[in-house]
1. What about residue 79, is it surrounded by fewer than 17 Cβ atoms within 10 Å (Cβ to Cβ), small (Gly, Ala, Ser) and either touching a Cys at 6+ places or on another chain (Cβ under 6 Å) or outside any strand (DSSP E or B) (or both)?
2. Need pairs with beta-carbon distance below 6 Å; first residue at positive phi and within region 155-172, second modelled with pLDDT of 95 or more and surrounded by 18 or more Cβ atoms within 10 Å (Cβ to Cβ); sequence gap 6+ or separate chains.
3. Could you tell me whether residue 12 is of a type in the set (Asp, Glu) and touching a helix residue (DSSP H, G or I) at 6+ places or on another chain (Cβ under 7 Å)?
4. Is it the case that some residue within region 146-162 is more than 17 Å from the chain's Cα centre (by Cα), part of a helix (DSSP H, G or I) and charged (D, E, K, R)?
5. Which is touching a residue at least 12 places away in the same chain (Cβ under 8 Å), under 20 Å from the mean Cα position of the chain (by Cα) and open to solvent by less than 20 Å² (accessible area, probe 1.4 Å), of 50, 57?
6. Name every residue in region 91-108 that is touching a helix residue (DSSP H, G or I) at 6+ places or on another chain (Cβ under 8 Å) and in a loop (DSSP other than H, G, I, E, B), in order of residue number.
7. When residues of region 64-76 are filtered for being part of a loop (DSSP other than H, G, I, E, B), in contact (Cβ under 8 Å) with a residue 24 or more places away in the chain and open to solvent by 40 Å² or more (accessible area, probe 1.4 Å), how many remain?
8. Does at least one position in region 75-94 carry a residue that is at pLDDT below 95 and under 23 Å from residue 134 (Cβ atoms)?
Amino acid sequence: MTSRHPKVLVIDVGGTHVKVLATGHKNEIKIDSGPKMTAAEMVRAVKKAAADWEYSAVSIGYPGPAVHGRPLHEPYNLGGGWVNFKFERAFGHPVKLVNDAVMQALGSYEGGRMLFLGLGTGLGSAMIVYGIVEPMELAHLPYKKGKTYEDYVGEGALESMGKKKWRREVFDVVERLKAALEPDYVVLGGGNLRLLKKLPPGCRLGDNRNAFRGGFRLWQSKGAPRRAAR
């Protein structure tokens with residue numbers, strides 16, 4: 001690629017939908033996903049949906065840990081074949097794959113020390129410190145009663161304890177993580193963010209579309225956060 005800022009196809013992979021947007025377009029494409037969607041099926045569906053779009057690079061937000069641009073294990077809410085899939089070969093373009101929380105964090109960053117927490121099926125997390133991005137897996141750290149943070153603020157907790165108790169747990173978890181990590185501010189994102197009546201102190205409202213901004217920023221050579229070396 002000769003351009004410093006290539007035209008990018010951004011893919012935000014989720015357990016219910018795969019959302020797609022490309023440089024120069026305003027309206028995203030939404031593709032149904034689900035427990036039977038394999039990596040190959042995702043690529044075929046995306047290439048078909050974006051057949052009329054021009055792009056020379058691809059960003060993928062993956063719903064699970066990713067190391068060195070590769071999924072660390074198969075996704076919980078999708079089909080198989082993701083870990084060893086050759087995404088660059090399939091798309092015919094360079095691909096950058098990161099955890100989906102990292103991609104949202106990149107798009108939400110406004111400087112300083114930022115902690116991103118995604119309230120969705122589980123608990124996504126990432127931190128950016130003065131432009132350096134650090135993917136995190138805070139969801140599975142011990143919290144209380146032998147359970148993890150995700151056990152108290154994830155989708156399962158919302159369904160079992162109800163909105164009122166879930167909101168209290170979200171406030172408590174955010175406060176504990178703020179105290180431990182000392183961010184300047186916290187950005188809350190994810191599909192269940194809408195269920196909060198108010199934001200915890202020191203928090204800012206995220207937006208799912210920030211994932212697209214983060215996907216574009218992955219390919220910017222200047223002025224964008226950088227991922228920590230892994």
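1. Criteria not met by residue 79.
2. Between residues of region 155-172 that are at positive phi and residues that are modelled with pLDDT of 95 or more and surrounded by 18 or more Cβ atoms within 10 Å (Cβ to Cβ), there is no close pair.
3. It is true that residue 12 is of a type in the set (Asp, Glu) and touching a helix residue (DSSP H, G or I) at 6+ places or on another chain (Cβ under 7 Å).
4. Of all residues in region 146-162, those more than 17 Å from the chain's Cα centre (by Cα) come to 146-149, 151-152, 156-162.
Going one step further and asking which of them are part of a helix (DSSP H, G or I), we end up with 149, 151-152, 156-162.
Okay, now just the ones that are also charged (D, E, K, R), so 151, 159.
Looking for residues that are more than 17 Å from the chain's Cα centre (by Cα), part of a helix (DSSP H, G or I) and charged (D, E, K, R), one finds at least one in region 146-162, hence yes.
5. Numbers: 50 fails: under 20 Å from the mean Cα position of the chain (by Cα).
On inspection, the qualifying residue turns out to be 57.
6. 94
7. First, pick out the residues of region 64-76 that are part of a loop (DSSP other than H, G, I, E, B): 64-65, 68-69, 72-76.
Among the residues that remain, those that are also in contact (Cβ under 8 Å) with a residue 24 or more places away in the chain are: 64-65, 68-69, 75-76.
From the residues that got through so far, the ones that are open to solvent by 40 Å² or more (accessible area, probe 1.4 Å) too are 68, 76.
The total comes to 2.
8. Checked region 75-94: at least one residue is at pLDDT below 95 and under 23 Å from residue 134 (Cβ atoms).
The values are calculated or read from the model by the stated rules, or taken from the named source; none is laboratory data. Please read all numbers here as calculations on a predicted model, not as lab measurements. With ideal geometry, Cβ positions are generated from the backbone for all residues, glycine too; neighbour counts draw on all protein chains shown. Just the protein is used for accessible areas: all its heavy atoms, side chains included, with ligands, DNA and RNA removed. Shrake-Rupley method; radii C 1.70, N 1.55, O 1.52, S 1.80 Å.
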